[in-house]
1. Can you give the FRET efficiency for Val426 and Leu317, using 1/(1 + (r/R0)^6), R0 = 51 Å, r = Cβ-Cβ distance, to the nearest 0.05?
2. Can you give the three extents of the C-alpha atoms in the range 3-133 along their principal axes, from longest to shortest, in whole Å?
3. How big is the Cα convex hull of the range 91-173 in projection, averaged over all directions, in nm²?
4. Can you give the relative contact order of the range 154-376 as a percent, counting alpha carbon pairs under 8 Å and 6+ residues apart?
5. In 10 Å bins starting at zero, report the fraction of Cα pairs in the range 159-289 per bin as a rounded %.
6. Lys11: which aspartates and glutamates have alpha carbons under 17 Å from its alpha carbon, excluding same-chain residues fewer than 8 sequence positions away?
7. Round to the nearest 0.05 the FRET efficiency obtained for Arg364 and Glu45 when R0 = 35 Å and r is the Cβ-Cβ distance.
8. Taking 8 Å as the Cα distance limit and 6 or more residues as the minimum spacing, I'd like the relative contact order of the range 3-133 as a percentage.
Amino acid sequence: MPETIQSEKGKTFFIHTFGCQMNLADSGIITALLQQEGYVVTDDEAEAGIILLNTCAVRENAVDRVGHLLQHLYGQKKRDKRLIIGVVGCIPQHQREALFARYPAIDFLAGPDTYRTIPELIAQVQRGGKGAALAFNTAETYDGIEPVRQSAISAFVPVMRGCNNMCAYCVVPFTRGRERSQPFASVIREVQNLAASGYREITLLGQNVNSYHDADSDSNFAALLDAVSREAPEARIRFTTSHPKDISEALVRTIAFRPNICNHIHLPVQSGSTRMLGLMNRGHTIEEYREKIALIRSLIPDVTLSTDIIAGFCGELEEDHQASLALLSDVRFDAAYMFFYSTRPGTLAAKMFEDDVPDALKKRRLQEIIDLQNRISAELFHEAIGTVVEVLAESESRRSSAQLMGRTAGNRAVVFDREGYQPGDVLDVLVTGATSATLIGRPVRTGTYSSVNLR
Ligand code: SAH
Ligand code: SF4
Ligand code: F3S
């Protein structure tokens, strides 16, 4: 290959992003940091001389997916000796330099607090070595970096990083380090820029946003959310994730009071059994959780709720599993992310408990949870048929460019006939059909119907 083409290729990078929204936001930060150093991002992996994997360690299957990709990339590296592979994010922070021996494809490793060193790591590899930057840095919030965004409609804004909770099953405190908050003034500045650029949806991110605290102004998350909603009055404001033990009445009142804060709360419960919540170190009972739900529903009657739930955590008995099913039946969440437990090395559970629920039983319990939740979601979605919902159009639907996909304020996905609308438009849609995950409908002129379903 001629030298000029290879050196262009050597400056071109592609990022595979796995895991949560925080990783998606981080890939935007990494892209900005590399662009500052003259690197060029591509969405065609074959064009890239540098391939980054921004990884997730939260469950075993997330780690396995990255392992398979690394094996595939090793074959590619044998054909193209100059290809550079960097593994960044939560897996290297957790497994550290041991990854080099396991996956010979890897040239360098960086953790969530060391993305600023990636250009230096690439240079080190180009000089003929391998590199790793895996120190924690509680001061790092990537303040001042303007991330490169994938969408011109929806934006993620990290407001805190890390987690000080120690849920027994969870690896995140070991991959993301101690909690730290983005300065209040920086969040507001970023939100003002997004509002000025016409963004229609802003999602504030953190592992536990309720722990947000800005030392200078002594502001909590409710104050931040309120201020953000006022700075971007034309945008829908969302946030994730809230820990049930920390969600405050002040926060719920802020959501209820501010019209552009979406009436949707993701409140991971993990289990319906107080005994399991104790073993999981969640810091609350199931009665307290139910009381929080009752408070939220009394202050925001049209709220939609979603949750996370784990089947088969250490020591889970049939009666604990039944308590999880009972909780789902009683609360009737709109949606749930449902997982079977997988041990994460280094966590409290890995050290203290036996992973004693057999795999087949974990999977049976998970299937029961999924079947019940799908039935509930389908019932709730069917109840919306015949009502009019307000939708922010996000993209063309996967099936056809004659249809758009969007979401209600309650975070329900809606697929509807396009009829000249564009992604970014907010419009009223008459719901004519539903599955357990999607509403189906067609646009109606505003004012045709007297009431709009706020969910
Ligand atoms: N910070 C968020 C979510 C963190 S991880 C919160 O506190 O809610 C997202 C979800 O993955 C968790 O809510 C949990 O349901 C699930 N999860 C985490 N560790 C897991 C494990 N070891 N096995 C199975 N599911 C897990
Ligand atoms: Fe993990 Fe618990 Fe922290 Fe969420 S709150 S990231 S589940 S330790
Ligand atoms: Fe995964 Fe790390 Fe997010 S472990 S869930 S990518 S914080």
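1. Working: r = 48 Å, r/R0 = 0.94.
It comes to 0.60.
2. Taking max minus min along each principal axis of the Cα atoms, the range 3-133 gives 42, 29, 25 Å.
3. Values: hull surface 30.9 nm².
Over all viewing directions, the range 91-173 projects a mean Cα-hull area of 7.7 nm².
4. Working: 400 pairs, mean separation 41.4, N = 223.
In percent, rounded to a whole number, it is 19.
5. That works out to 12, 40, 33, 13, 2, in percent per bin.
6. Glu3, Glu37, Asp43, Asp44, Glu45, Glu47, Asp80, Asp107, Glu120
7. Values: r = 39 Å, r/R0 = 1.10.
With a Förster radius of 35 Å, E is 0.35.
8. On the way: 206 pairs, mean separation 29.3, N = 131.
About 22 percent, as a whole number.
We did not get these values from a lab; they are worked out from the coordinates using the rules stated. Here the structure is a predicted model, which means the values were calculated and not measured. Cβ: placed from backbone, ideal geometry, glycine included. Neighbour counts: every protein chain shown.
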